[in-house]
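Notes for the one structure printed next.
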């Protein structure tokens, strides 16, 4: 079986983690665990949701891509990719659009990009439901990075599959059809 990387990207709150979890559960993919220096949310677990790092420990990894987002570092390491590929030849990763472009440029033969959108109302509600602080939600929605990720970059047009994720039942149907073609 050929190796494949399914990249889930889009603005904060579009449902990237939900889609990645669905692909892992229903299509036997392994999730790539990425690294961050932000503190965990109350329901997040180190090594399952992210590798939660300090600035010092973050610097010790070998990153394919890394970014600063909302005053915290995020990155995907070669170590994380290798760990996921040891579990399955098909893996799923959540990245911002800049990271998705890096993957496309570096290892394009393995990459399928899924770009998610959702209404502003859905974005805010999802962030509230996951327990994010109201002031942090407002700051995140207005951040440069989130504004960038609310629009599919020109460099990904024709290379990413866009899915409106305001309706989960419809999103699952679109994902199922896409996987029939890509797997």
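Evaluate the distance, in nm, between pseudo-label points positioned 7 Å from the Cα of residue 125 and of residue 3 along their respective Cα→Cβ axes.
For residue 125 paired with residue 3, the spin-label model returns 4.0 nm.
Counting DSSP beta bridges in the chain, what percent are antiparallel, to the nearest 5?
Percent antiparallel among DSSP bridges in the chain is about 30.
Quick check: convex hull of the Cα atoms in the stretch 1-95, volume per residue, rounded to a whole Å³?
Measuring per residue, one finds 99 Å³ for the Cα hull of the stretch 1-95.
What list do you get for 1, 29 if you sort them by fewest beta carbons within 10 Å?
The most exposed by this proxy come first: 1, 29.
Would you mind ranking 109, 70 so that the residue whose beta carbon has the fewest other beta carbons within 10 Å leads the list?
109, 70
By how many nm would the segment from residue 71 to residue 25 lengthen if fully extended, with 0.36 nm per residue of separation less the alpha-carbon distance?
That pair, residue 71 and residue 25, stretches by 13.4 nm at full extension.
What does the extension gain come out to for residue 155 and residue 170, with contour length at 0.36 nm per residue minus their alpha carbon separation?
Value of the extension gain: 2.7 nm.
Going by how many other Cβ atoms sit within 10 Å of their own, how do 26, 61, 35 line up, fewest first?
The most exposed by this proxy come first: 26, 61, 35.
How much length is gained on full extension from residue 135 to residue 17, taking 0.36 nm per residue of separation minus their Cα-Cα distance?
Extending this stretch completely gives an extra 40.3 nm.
Assuming a ≥ b ≥ c are the square roots of the Cα gyration tensor eigenvalues, decide whether the stretch 15-57 counts as rounded (a/c under 1.5), prolate (otherwise, with a/b larger than b/c) or oblate.
prolate
Hey, how many Å between the Cα centroid of the stretch 59-80 and the Cα centroid of the stretch 1-51?
If you average the Cα positions of each part, the centres end up 14 Å apart.
Can you give me the convex hull volume of the Cα atoms of the chain, divided per residue and expressed in Å³?
Expressed per residue, the convex hull around the Cα atoms of the chain is 114 Å³.
What residue among 129, 65, 44 has the largest mean-square fluctuation in a Gaussian network model of the chain, using Cα springs under 10 Å?
129
Computed from the coordinates by the stated procedures, all read-outs in this text should not be read as laboratory data. Here the structure is a predicted model, which is why all the values come from computation and not from measurement. Methodologically, a virtual Cβ is constructed for each residue, glycine included, from the backbone with ideal geometry; neighbour enumeration extends over all protein chains shown.
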